[in-house]
Amino acid sequence: IGCKGCFLSHLNVLKEVRMQGLKNVLILEDDLELRQDFQQYEDIILAELTQQNWDIVHFGYCDSQKKDVSLPLFQSFSGEIIGAQFYAVNQKFFDKLISFCEVLLERPVGHPDGGPMSIDGTFNVVKWKHPEITRLIAVPSFGGQRSSRSDISPSWFDKLPVFKTLAQSCRKLGVAKKIKIFSK
């Protein structure tokens, strides 16, 4: 239910901006955590993006490798990406993406051409089905998913009162992030 709700939220935003006749849309999810240095690259990112032809740009995605680059850049991307918390869609791609999302909703789970799925999965599948789409990713990733309880797929401990409180405290303290860094 949570995954479908998230998917429908993204789809409804796309429909709304298309209806309003907007040129582009920037979508940021509520659990987005921007890189600390994002603001210093904002103008460079916008300048580079206006020079490029694109349908969709992923500014943030789950990336376990932290890349230090002197200037951010955009790379053409046709692989799999996880994370749809920080991306932009160009007006010329609205109709194709909205239609694709609506078709996915009509198909049964497990359909060979794709059925209901997460929105980030949708971006992967639409690129495979339509290789002519210009999909870019920002290198480095400028936003990741903040450690928080998932509304889409809550963990077992988020369902139990005592463990839920403990997990919330650990997330606020950044314990999960520290454990990930320590384990590398």
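Among the GluC sites (Glu not before Pro) in the range 93-147, those placed in a DSSP loop whose Cβ has at most 15 other Cβ atoms within 10 Å are Glu132.
So how do 23-31, 45-53, 114-122 stack up, highest first, on mean other-Cβ count within 10 Å?
114-122, 23-31, 45-53
Check the straight Cα-Cα distances from Lys92 and name the aspartates and glutamates below 20 Å, setting aside those fewer than 8 residues away within the same chain. In chain and number order, the partners are Glu16, Glu48, Asp55, Glu102, Asp120, Glu132.
Rule-based calculations on the coordinates, nothing more; no lab input. These numbers come from a predicted model, not from an experiment. No Cβ is skipped: glycine too gets one built from the backbone with ideal geometry, and neighbour counts run over all protein chains shown.
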